[in-house]
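Laboratory data are not the source of any read-out in this text; all were calculated from the coordinates shown. These numbers come from a predicted model, not from an experiment. So basically every Cβ, Gly included, is an ideal-geometry build from the backbone, and we count neighbours across all protein chains shown.
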Amino acid sequence: MSLFARVTQTALLFFGTFLLGAAVHGQSLRPAFLLTGSLHRDSQDLSGQWTYSKDLYRTGLTDINGWVAKSRMQRFRDLDVAAEEAKAGATFYEFDMDRGPLMAIPGAWNAAKPALRYYDGLIWFQRKFKSRPLNGGRAFLRFEAVNYRAHVYLNGKPIGRHEGGFTPFVLEVTDALRAGDNRLSVGVDSTHDAQSIPTMVTDWDLYGGITRPVKLVYTPATFVDDATLALTKDGRIKGSVQLAGPQAANQTVTVAIGELATVKATADASGRAEIDLKAPPRLKRWSPDSPTLYDVRFSVAGDALRERMGFRTIAVKGSQILLNGEPVFLRGISLHEEEFGPNPARNMTEQASRALLSEIKHGLNGNYVRLSHYPHSETTVRLADEMGLLVWSEIPVYWTVDWENPAVLQKALAMQAETIYRDRNRSAVILWSVGNETPVSEARTRFHSALADNVRQLDPSRLISAALLVKRKKVGDDDVTVIDDPLLDKLDVLAVNTYAGWYGDDPLSALAGLKWQMPGDRPLILSEFGADALAGYCNDGMKKFTEEYQAQYYRQTLAMSEKMPTLVGLSPWILKDFQSPRREHPVFQNGWNRKGIMSETGVRKEAFGVLSDYYRQKAGAR
């Protein structure tokens with residue numbers, strides 16, 4: 001029995017019927033509603049000033065010993081506290097959401113007030129709004145991301161909960177809306193623990209809050225909930241449309257790809273219609289050099305969904321990645337979700353995302369970005385589609401999680417599914433990563449194998465990778481860096497993080513001569529390498545934290561990479577300095593990881609030019 005078969009068999013036995021249902025029947029992970037393409041739907045943006053109330057001891061949810069919270073503490077109540085206080089009587093309240101302080105949403109609370117910089121716990125938010133008449137239609141709240149757990153109430157009634165800080169969720173509120181004034185209350189708990197994903201220990205800032213937009217989306221009673229199309233290797237465009245509502249069955253669905261083609265299909269009893277047509281002769285394939293997007297319209301009687309979509313193929317052949325059948329070298333860099341500025345709030349507006357991606361595309365001569373270590377905003381991914389940047393997308397299975405806990409695996413599978421369902425219409429996304437720098441163990445490998453199997457079920461059109469650890473061993477008289485990981489059999493593309501020359505005892509002069517041993521039958525990406533530098537710290541010899549050291553580190557590591565015959569891409573660590581409470585050197589760090597080749601405010605360091613010149617040469621050598 002092969003290693004692949006042994007790992008798969010062990011994983012299925014270990015995780016039992018849950019894993020079997022999730023991995024074999026990926027549709028079971030599909031959220032009740034997706035609202036694909038909600039960007040273009042009739043909606044009401046709830047961004048703006050929300051009131052908030054800190055709740056560090058969680059008294060709005062529970063009292064001592066886990067009892068139900070006392071009514072005077074329940075911040076989600078549909079109540080005018082000031083009016084109640086004006087009445088005579090013994091009742092009193094220890095909250096008032098209407099008169100609470102204000103905070104801009106979306107945005108992390110860590111950046112909103114100095115007192116909240118390191119707040120980690122529960123905060124309640126409230127937004128009042130007027131709804132429009134539904135006239136027989138339906139209404140949904142769509143949260144693009146809440147970090148980390150969300151407790152949602154509308155007009156005092158519980159609507160739903162969600163766990164996971166970087167993926168969207170949709171809650172139907174048709175029956176909970178009132179004509180006129182409504183009160184939306186959201187309890188946001190940023191606390192991470194041993195069973196969360198990620199856990200409480202990371203090397204980035206675990207921002208708390210409603211970090212991405214919230215919209216009230218209006219639909220007809222029966223509507224297009226989801227639609228997807230993709231170009232296949234045999235030159236066809238295939239996909240599906242999922243209708244939701246009482247008249248979903250047997251509907252005629254029309255799909256129009258710009259002015260190139262129109263096709264009709266009939267939905268089955270569950271409201272699902274399969275789409276299959278030959279790619280039009282005039283179809284232009286999406287690529288970083290020509291990121292062609294088409295206006296695609298999916299319509300049924302009474303509803304239509306509009307998307308901007310590109311069409312391309314991605315595959316592996318031997319040690320090459322093929323984009324539209326041609327080898328591609330990924331000239332990229334890693335990126336955390338922080339906007340430029342001294343006090344980032346993880347508020348990724350189009351302007352903020354474009355500023356970051358433009359530095360990669362135009363400043364670095366790049367064609368690729370690793371969106372680490374979690375799903376980035378939909379705004380960022382759509383901009384990558386528009387600008388022509390290939391994307392590595394990752395879920396936050398980072399360093400370590402509770403590998404042997406089936407409930408934790410379920411969370412990871414759900415996050416992965418939510419990400420795939422959100423972004424599978426983005427041509428830019430070519431790689432789904434199932435983890436980063438996780439220490440090898442049998443339980444860990446079973447966990448990652450389940451994630452890889454899940455990707456195969458949900459989206460077999462893209463490639464699977466993971467950022468792996470490497471180790472040194474003696475081969476004869478040589479010290480050799482090896483990729484020795486049982487997860488390899490599950491991956492289409494190998495990827496490793498290496499920091500020789502920064503961590504460890506290797507001098508910079510030795511990097512170019514380091515020896516590597518790697519499988520020869522699959523492509524390899526250096527998913528991370530990097531060294532810290534404080535912007536402006538120069539002319540102090542080749543000391544660590546100087547710009548000169550970082551630049552020389554890049555030169556030597558790039559020289560090392562040239563000797564790797566299966567290397568097809570680079571995503572050094574990282575575009576810009578980012579906040580990390582782990583990094584507290586009082587001169588050089590002060591809460592910032594300084595491995596960026598730009599400062600947090602956008603100042604380019606010397607290494608930026610080194611990498612930009614290297615990528616310019618790589619682009620010219622195609």
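Of note:
- Hz values of 3J(HN,Hα) by residue in the stretch 98-105 - Karplus curve (6.51, -1.76, 1.60), Gly and Pro given as x: 5, 9, x, x, 9, 9, 6, 10
- Of interest is the spacing of the C-alpha centroids, which for the stretch 25-79 and the stretch 170-238 amounts to 11 Å.
- Between 0 and 90°, nearest 10: helix 547-561 axis offset from the chain longest Cα axis: 70 degrees
- For Val328, Val68, order by how many other beta-carbon atoms lie within 10 Å, fewest first: Val68, Val328
- Scaled against the 2.2 N^0.38 Å expected of a compact globular protein of N residues, the Cα radius of gyration of the chain reads 0.99.
- Relative contact order of the chain, defined on C-alpha pairs under 8 angstrom at six or more residues apart (%): 12 percent
- What the phi angles of the stretch 213-224 give under the Karplus curve with 6.51, -1.76 and 1.60, with θ = phi - 60°, is a coupling list of x, 10, 10, 9, 9, 9, 9, x, 4, 10, 8, 7 Hz, glycine and proline written as x.
- Net +/- balance of residues flanking Ala261 in space, Cβ distance below 10 Å, scoring K and R +1, D and E -1: +1
- The order of Ile333, Ile597, going from fewest to most other C-beta atoms within 10 Å of their C-beta, is Ile333, Ile597.
- Percent antiparallel among DSSP beta bridges (both partners in the chain, rounded to 5): 75 percent
- Cα point-scatterer Debye curve for the stretch 234-312, base-10 log of I(q)/I(0) at q = 0.11, 0.24, 0.26 Å⁻¹: -0.31, -1.12, -1.25
- Under Stokes-Einstein, with the Kirkwood radius over Cα pairs as Rh, the value for the stretch 496-612 at 10 °C and 1.306 mPa s is 108 µm²/s.
- Computed [θ] at 222 nm, deg cm²/dmol, the chain (DSSP H ≥ 4; -39,500 (n - 2.57); rounded to nearest 500): -6000 deg cm²/dmol
- At the listed q of 0.14 Å⁻¹, the Debye profile of the stretch 38-219, built from one uniform point per Cα, gives log10 I(q)/I(0) equal to -0.78.
- Ranked list, fewest to most other Cβ atoms within 10 Å of each Cβ, for Asp489, Asp423: Asp489, Asp423
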